[in-house]
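In what follows, a single structure is set out as structure tokens and then discussed.
The values are calculated or read from the model by the stated rules, or taken from the named source; none is laboratory data. Please read these numbers as outputs of a predicted model, since none were measured by experiment. Cβ placement follows ideal geometry from the backbone for every residue including glycine, while neighbour counts extend to all protein chains displayed.
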Amino acid sequence: MTRAAGPSSSSNRPLEVRPPAQAKGRGARSNSSGRFEALAREDADDGWDRDEDLPPLPTNVTAETPRTIINYIESPFVGFDRSINPYRGCEHGCIYCFARPTHAYYGLSAGLDFETRLFVKPNAPALLERELSSKSYRPRHIAIGTNTDPYQPIERKYALMRGILAVLSKFNHPVSLLTKSALIARDIDLLQPMAKAGIVKTMLSVTTLDTRLARSMEPRASSPARRLDAIRQLKAAGVPVGVMTAPMIPGLNDHELEDILSAAKDAGAEWAGYTIIRLPLEVSALFREWLEAAFPDRAARVMRHIQDMNGGRDYDAHWSRAKAPRSVFAKLLDERFKKGARRLGIATDAPKLDPDLFRPPAEKIAQLTLF
């Protein structure tokens, strides 16, 4: 049984959301069954009151041993063809996360399961070294952080990114990093020499400057101030760094676009990007549930704008991810972003990484000549 949450904010007051006691510190408010399950389940209030709060949901981590670590991607919507995900699921718990539905493939919920039942790949660095050493490997820039966040809280314990970065550096392999976590600054000692070699670029995603909104939407991600400080540290170390103002949610955080760009520019961001919110599959219901509790007075308006940007649906990739904005609101947001970036003198294109910089280490070349 899950205790019901009551709405407690309005459009004119700071966000104050009281989630169910068991889900305190989590983004999702429910844990409905995955779409592939034969039986469906959902939490319901059975009418019995409890005097005590339910215990907070713990984070459970399971180790898995994949056979490969580089994911190859064919999509017209992204500017890369391969990525690495050291973790499945994400403890940051961002309520709008488009990666939530991937948990359904493992018989788990896109709701609370996604942020509390995580999978770690301890052999990721070793797998990466093996794959980069293959004679058939053809280098292209690898993107990390495009699905679940590589610097989510459990990275403090497992430190997979340090191993992955060490391998990429060893092979002089270009990589881009995207995160909502200030933990990326921990790896400046690895990123700085990679930056000098021209094989790395980084981005911090900043969704809002409102601490209360961030805590509710992205409960276990770094605070906005700490993300800006990470940009500052990366810039000072000579590591190329940009800001991703994403996702923009109409009627919720879009009014902050110019302020986020300005704050990021002051911190040292060299370029900027943005995306609008995407609500595929289970994410739509989870986001609606959160929105109606957090902002009951504006929920209908926010969803109306989102549907307008998706051709009348909660999500339609051919609308919301089209190369040219198709709705009035999306066109306005795009114009605001370009004008804001131009006024601040911040680039809107990230620097390119050259795959020709890839160089297998000498001992690997020697081994390959034996075959």
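A few comments on the model shown:
- In segment 251-285, of all residues being of a type in the set (Asp, Glu) and assigned to a helix (DSSP H, G or I), the one that is farthest from Leu344 (Cα to Cα) corresponds to Glu282.
- Within segment 103-117, the set of residues being crowded, with 19+ Cβ neighbours inside 10 Å and assigned to a helix (DSSP H, G or I) comprises His103, Ala104, Leu112, Asp113, Phe114, Glu115, Thr116.
- Matching residues, segment 317-358, being surrounded by 14 or more Cβ atoms within 10 Å (Cβ to Cβ), part of a loop (DSSP other than H, G, I, E, B), of a type outside the set (A, V, I, L, M) and modelled with pLDDT under 95: Arg321, Pro325, Arg326, Ser327
- Applying the criterion of being hydroxyl-bearing (Ser, Thr, Tyr) and under 23 Å from Gly251 (Cα atoms) to the residues of segment 190-221, the residue that is surrounded by the most Cβ atoms within 10 Å (Cβ to Cβ) is Thr207.
- Of all residues in segment 190-199 being under 14 Å from Val167 (Cα atoms) and assigned to a helix (DSSP H, G or I), the one that is nearest to the chain's Cα centre (by Cα): Leu191
- Residues (under 13 Å from the mean Cα position of the chain (by Cα) and farther than 19 Å from Ile154 by Cβ) located in segment 205-227: Val206, Thr207, Met217
- Of all residues in segment 228-245, those satisfying the criterion of being over 23 Å from Ile154 (Cα atoms), out of contact with any Asp or Glu (no Cβ under 8 Å at 6 or more places or on another chain) and among the small types (Gly, Ala, Ser) are Ala236, Ala237, Gly238.
- There is no residue in segment 292-304 that is without any contact (Cβ under 8 Å) to a residue 60 or more places away in the chain, in contact with a helix residue (DSSP H, G or I) (Cβ under 9 Å, 6 or more places away or on another chain), more than 25 Å from Gly79 (Cβ to Cβ) and basic (Lys, Arg).
- Condition met for Thr146 (out of contact with any Ser or Thr (no Cβ under 9 Å at 6 or more places or on another chain) and touching a residue at least 40 places away in the same chain (Cβ under 8 Å)): no
- Against the criterion of being at pLDDT below 95, surrounded by 18 or more Cβ atoms within 10 Å (Cβ to Cβ) and touching a Gly at 6+ places or on another chain (Cβ under 9 Å), Trp290 does not qualify.
- Selected residue (only one of Ala182, Ala159, Ala166 is within 20 Å of Gly25 (Cα to Cα) and free of Cβ contacts under 8 Å to residues at least 60 places away in the same chain): Ala182
- Criterion applied to Ile73, Ile69, Ile144 was being among the hydrophobic types (A, V, I, L, M, F, W, C), under 30 Å from Pro325 (Cα atoms) and modelled with pLDDT of 95 or more, and the one residue passing it is Ile144.
- Scanning segment 305-316 for residues that are touching a Lys or Arg at 6+ places or on another chain (Cβ under 9 Å), assigned to a loop (DSSP other than H, G, I, E, B) and either in contact (Cβ under 8 Å) with a residue 40 or more places away in the chain or farther than 22 Å from Gly79 by Cβ (or both) yields Met309, Gly311, Asp314.
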